[in-house]
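Reading through the structure tokens given below for one structure.
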Amino acid sequence: MAKAWRLIFVAGSVITLVACNSPGGLNLSTLDPDLRGWGGGGFDTAAAAAAAAPRPAPDNRGIISYPGYQVAIARQGDTVTSIASRLGLNAAQLASYNAIAPTAPLNSGAVVALPRRVAAGAPATTSAPVTSTTGRVSDPFAGQGMKTPNVPPAAGAAAATTTQPASSQPRQHVVAAGETAWSVARKYNVSVNDLAQWNGLPSNMSVRTGQRLLIPVTGQRPAATAAVSAPGVGSPTPTPPSSTEPLPKEKTQPANKAVDKPASPDFGKTRTASSSGGRFRMPVNGAIIRTYEKGKNEGIDISAAPGSAISAAGSGTVAAITRDTDQVPIIVVRHSNNMMTVYAGLDDVAVTKGQTVSAGTTLGKARNQGVVHFEVRNGFDSVDPEKYLN
């Protein structure tokens with residue numbers, strides 16, 4: 001028992017040191033959570049650190065073709081449905097094959113395995129891609145609804161396809177329950193960074209059960225940095241640097257020298273809207289499941305029980321009621337000081353255009369999908385809603 005507690009203490013100390021010494025804090029992409037190589041034991045990470053060859057570039061349809069299979073590489077704003085529409089595949093079948101919802105947003109560069117081959121040079125489909133009902137609003141007053149992230153090539157456009165050589169075909173791994181990016185990397189003796197780059201994994205290295213991962217094709221093993229002495233023979237003593245060159249001159253300050261103290265900040269003058277209680281209230285009770293990211297998600301996504309009331313975040317006037325490409329309502333409320341709030345993912349609209357509302361006035365009800373999209377805009381420019389919520 002005492003040994004187990006010592007190991008837990010050492011593991012916590014190592015993680016703390018990594019967090020303190022990294023310029024940007026704790027970097028999960030470089031942390032080895034099972035502490036391989038710690039203590040000089042038999043576990044060695046040198047083999048797993050071999051740099052992998054770069055992933056082949058996809059063709060103009062986003063496809064990488066190997067002799068045994070094909071994969072599609074997601075573009076910015078892609079979903080499984082938009083990829084299926086672009087390649088002429090069945091969206092439900094493609095989603096089931098990759099264990100992901102058809103309308104779930106994909107990371108740029110994420111790998112989507114194809115259940116069947118797409119013919120070389122096949123033109124992209126011209127059907128309009130389906131977008132998520134909780135996507136972002138580009139211009140709420142134009143009645144355009146959701147922004148379409150990808151425009152497929154014109155019909156009949158040739159798609160140049162090059163099949164990669166069999167020697168470069170990576171293995172595929174289907175993620176089992178309980179597996180992580182690190183455990184998969186260890187299983188195939190590859191770097192977790194290479195695994196993430198080849199598969200477009202998010203910054204937190206999360207994977208899902210049933211996800212199909214490409215195992216990177218490793219490159220050269222790292223060269224040995226020191227000769228290993230035979231058993232019973234002492235290791236050679238390195239030459240100290242001071243024996244050949246003088247030590248560098250150091251100019252130290254006396255320990256009792258006064259230290260200049262920086263001026264203390266006046267927190268009363270630097271309070272933000274969020275620290276002062278915020279201007280808006282949450283439009284619905286629930287947890288934030290997707291945060292604001294400028295250019296990718298212009299608001300926040302909130303989990304909400306189907307049928308729960310969605311209310312105005314602040315007092316104002318209903319400036320517009322539009323619909324997205326799936327005919328799901330989008331409500332825009334104009335507030336003072338050129339501020340606007342946008343609400344998507346709701347049904348049973350309870351207000352009309354031009355109506356004056358107060359904070360808490362019911363706008364509609366959450367749909368069965370259980371996700372409400374909420375934006376705060378300064379004019380037409382989106383801002384992080386969490387900085388304005390109380």
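Bear in mind that the values in this text are calculations on the coordinates, not laboratory data. Being a predicted model, the structure only gives us computed values, none of them experimental. Cβ: placed from backbone, ideal geometry, glycine included. Neighbour counts: every protein chain shown.
Structure notes:
- Order of TRP182, TRP198 - criterion: other Cβ atoms within 10 Å of each residue's Cβ, fewest first: TRP182, TRP198
- Other residues lying with their Cβ under 13 Å from the Cβ of PRO202 contribute a combined charge of +2, Lys and Arg counting +1, Asp and Glu -1.
- Each peptide among 166-178, 183-195 gets the average number of other Cβ atoms lying within 10 Å of its residues, and from highest to lowest they stand as 183-195, 166-178.
- Rounded to whole numbers, the Karplus 3J(HN,Hα) couplings from phi for the range 198-213 are 5, 10, x, 6, x, 5, 8, 6, 6, 10, 10, 4, x, 5, 9, 10 Hz, using 6.51 cos²θ - 1.76 cosθ + 1.60 with θ = phi - 60°, and x at Gly and Pro.
- The dipole here belongs to the range 288-387: it is taken about the Cα centre, uses +1 on the Cβ of Lys and Arg and -1 on the Cβ of Asp and Glu, and is about 160 debye.
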